[in-house]
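Quick note: the coordinates plus some simple rules give every number you see, no bench work behind them. Note that this is a predicted model, so its numbers are computed, not measured. Neighbour counts run over all protein chains shown; Cβ positions are idealised from the backbone, glycine included.
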């Protein structure tokens, strides 16, 4: 994904939900997309296979999948990729399950959609898939309706449906958030097995840092539509370079560190400069203007979008004058002042 | 919890007065206004043997054919100023405990005492409980009216009590300040507030009538970690400032760890372990608590994620397992005395028994996997499917016979045979939870 920009026009203005986001997912790896609600992680995922609901629109960028730009190709070609090569699992399994069909019928239909097989073979493959995702007694369960299954079982069925086309990339948006920890652990085991055994690449969206630590190979941290930090999970968790992810880690129970105060910015009117600066304890003048720092390389691998990415001030960035106006959007300045230019309200 | 009276809060003084009135019979409790002798007083909330059973009716005559034991003999106490966490998976009965405790649903058994007085049985205990109890709900979006401003929402309980408009505005201003909202937020509608701000409005509303007891149902669910931390800090502040007793219902172990003095672990309608939060969660005595605590993902990428911590889900409360209700999922189940089996091996036998009893074995499925459909290969497939052990002696012979019965479809006989041949205290008897500050209901000897 390169420099992706997805916007939603609203009566009050344009929401730049995803504003120049780039990251890679390699075959067989699990990448976690982390951020608070409203950071744009879901929209970024939906943009990959152009699933963003109108009036939302991907206005710029590139999503390369197998040397093809998914954002440029025809809808017909995209349909062949969607589901078949790239499959989605959502937080609420209801979103992918139809209450009036049995789960077997739904998985069978998904199989038939992707493969040219007759009814009996499709049904057999469907039961195999239900077995693969650990649904107990899959042959009998296949005749049940979604409402007869528990939340964990429904999510397993949704995963089976996603696997029907033998995808190369699975995009899972908070798939365990609504589940009990015990059931969450079971579903995470399943994702880990799928990665190990089928070489499936997974883009996993979550706000739970414990989940990230458990399953991610690499992490992409988003805030207000931008990437704040990227890197291997061990580097990001042990030596976070951006104050935002450092603050998130410090908010975890048992760490007792300093919390991030304040609220995420108004998506209609994000602050100029680094979008995190109103809540950042280290913000200096140059953080408050311009278009925000670019992603700098970080010791130990990965990148961070912070002037202090290497622990010291980057001398290549010129100290900015007192609160210059943003060239892109003069209204930003008003927002910065109401947010409290000296950091978060706390 | 001996917290000194918070004299800064006039409401607290009023509450103390009420408390003293209600304890006039217990003259020896002395003057509570001094804030002494809290320890001698009964805890604010005492729940003893609480039960909520629902009848299962079927057939045209709607005959009672069974019982759903949603809550089955739950006991706990919450001291003044104490926060108790109630944890357990979905279906364990957490919410039903809260609803029957508050008599929003009539319990079918057990007693609740609030501030020294029984609740229910026609007395005014229910009114007292409800007047001095507030609830904070899980989803603030559904408990806040989208067409009502935050200020009006928070003032709602005051309006219902007939508090004058001007007085309401003053009170809301104080409450908003107390929960970290500004006057500016009063005129906003729910959609103009963030998730964290909506929670704060819900908390302000809960405090409007100066409660002594607050029940919080998943108060931080679906919040981002940084906001969750702020809300928990706020609740801790309020608890100290107003000497509130709290009941936290949560499936999130880390929330309970942070917010609660004591914790009660609920499984299939029963409290399986209770004690001080740190002790229970750091050194759990009950295998269920151990599994629950281990299932919480640790934010350390180098830590091994515990695999297969707990399979399955909470059993159907209409048909709870015999003996210890957790034995069907327990990784530490006590193997039969006379068979040479590990807990894991015995667990495999129990899995088979449970699936046979529920008609969930799925022989057809197994048949498609084996080449020959003869009984022998089917038996081998069944053994492989459940990873069944092959113990020596009587146990081994009994298990083989049960497998043979299962592959010819005589599930009932197989279940009977397994029950007879593989006895264990965990299957025979539901363990009692002992008395005392720290207790657990498990047959395993304490370590």
Relative to the longest principal axis of the C-alpha atoms of chain B, give the angle of the C-alpha long axis of helix B:393-407, reported between 0 and 90° and rounded to the nearest 10°.
-> 90
Okay, helix-only estimate at 222 nm for chain A: each DSSP H run of n ≥ 4 adds -39500 (n - 2.57), divide by all residues, round to 500 deg cm²/dmol; what do you get?
-> -9000 deg cm²/dmol
Across B:62, B:113, B:41, the residue with the highest GNM fluctuation in chain B (Cα network, 10 Å cutoff) is B:62
Using alpha-carbon pairs under 8 Å, 6+ residues apart, how would you state the relative contact order of the stretch B:102-191 in percent?
-> 26
Assuming R0 = 56 Å, what is the FRET efficiency of residue B:387 and residue A:76, from their Cβ-Cβ distance, to the nearest 0.05?
-> 0.75
Helix B:195-207 sits at what angle to the longest principal axis of chain B, using alpha carbons and giving 0 to 90 degrees rounded to 10?
-> 60
Roughly speaking, what is the centre-to-centre gap between the stretch B:188-216 and the stretch B:248-273 when only Cα atoms are used, to the nearest Å?
-> 22
Over chain B, what is the percentage of antiparallel beta bridges among all DSSP beta bridges, to the nearest 5?
-> 60
Would you mind checking the radius of gyration and Dmax of the stretch B:99-143 based on alpha-carbon positions, in Å?
-> 12.0, 35
Among B:370, B:354, B:407, residue whose mean-square fluctuation peaks in a GNM of chain B (springs only between Cα atoms under 10 Å) = B:370
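Per DSSP helix of 4 or more residues, -39500 (n - 2.57); summed, then divided by the residues of chain B. What does that give at 222 nm, rounded to the nearest 500?
The helix contribution divided over chain B gives -11500 deg cm²/dmol.
Which shape class, rounded, prolate or oblate, goes with the stretch A:17-99 when its Cα gyration tensor gives a ≥ b ≥ c as root eigenvalues, a/c under 1.5 marks rounded, and past that a/b bigger than b/c marks prolate?
Numbers: a/c = 1.23, a/b = 1.06, b/c = 1.16.
Rounded is the answer for the stretch A:17-99, as its axis ratio a/c remains below 1.5.
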Where both partners of a DSSP beta bridge lie in the protein assembly as shown, what percent of those bridges are antiparallel, to the nearest 5?
-> 60
With label points built 7 Å along Cα→Cβ from the Cα atoms of residue B:282 and residue A:232, find their separation and express it in nm.
-> 3.3
Residue-averaged beta-carbon neighbours from other chains (10 angstrom radius) around A:36-43 | 2
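Please work out the Kirkwood hydrodynamic radius for the protein assembly as shown, using every pair of different C-alpha atoms, and report it in angstroms with one decimal place. Could you put the intermediate results ahead of the total?
On the way: mean 1/r = 0.0342 Å⁻¹.
Computed over the protein assembly as shown, the radius equals 29.2 Å.
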Post the alpha-carbon centroid distance, the stretch B:318-390 to the stretch A:101-148, in whole angstrom.
-> 24
Most mobile listed residue (B:261, B:410, B:300) in chain B, GNM with C-alpha springs under 10 Å | B:300
Rounded, prolate or oblate (a/c below 1.5 giving rounded, otherwise prolate when a/b exceeds b/c) for chain B by Cα gyration tensor = prolate
Taking a ≥ b ≥ c as the square roots of the Cα gyration tensor eigenvalues, with a/c under 1.5 meaning rounded and otherwise prolate when a/b beats b/c or oblate if not, chain A comes out prolate
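On full extension of the chain, what length is gained from residue B:429 through residue B:394, given 0.36 nm per residue of separation minus the C-alpha to C-alpha distance? It would help to have the intermediate numbers written out before the result.
On the way: separation 35, 0.36 × 35 = 12.60 nm, distance 2.29 nm.
Additional length available on full extension: 10.3 nm.
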Residue B:316 versus residue B:170: modelled label distance in nm, points set 7 Å from Cα along the beta carbon direction | 5.9
Summarise the partner chain shielding of B:355-362 as one whole number: the mean count of Cβ atoms from other chains within 10 Å of each residue's Cβ.
-> 3
Report, to the nearest 10°, how far helix B:375-386 tilts away from the longest principal axis of the Cα atoms in chain B, using its own Cα long axis and a range of 0 to 90°.
-> 30
Distance in Å, no decimals, from the C-alpha centre of the stretch A:278-304 to the one of the stretch A:156-214 is 31
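Residues of B:287-298, mean number of Cβ from any other protein chain within 10 Å of their own Cβ, rounded to a whole number?
Details: counts 0, 1, 0, 0, 3, 3, 1, 3, 8, 7, 14, 6.
If you average over the peptide's residues, the count of other-chain Cβ atoms is 4.
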Compactness index (Cα Rg / 2.2 N^0.38 Å), the stretch B:45-289 = 1.06
Ranked from highest to lowest mean number of other Cβ atoms within 10 Å per residue, what is the order of the peptides A:176-183, B:378-385?
-> A:176-183, B:378-385
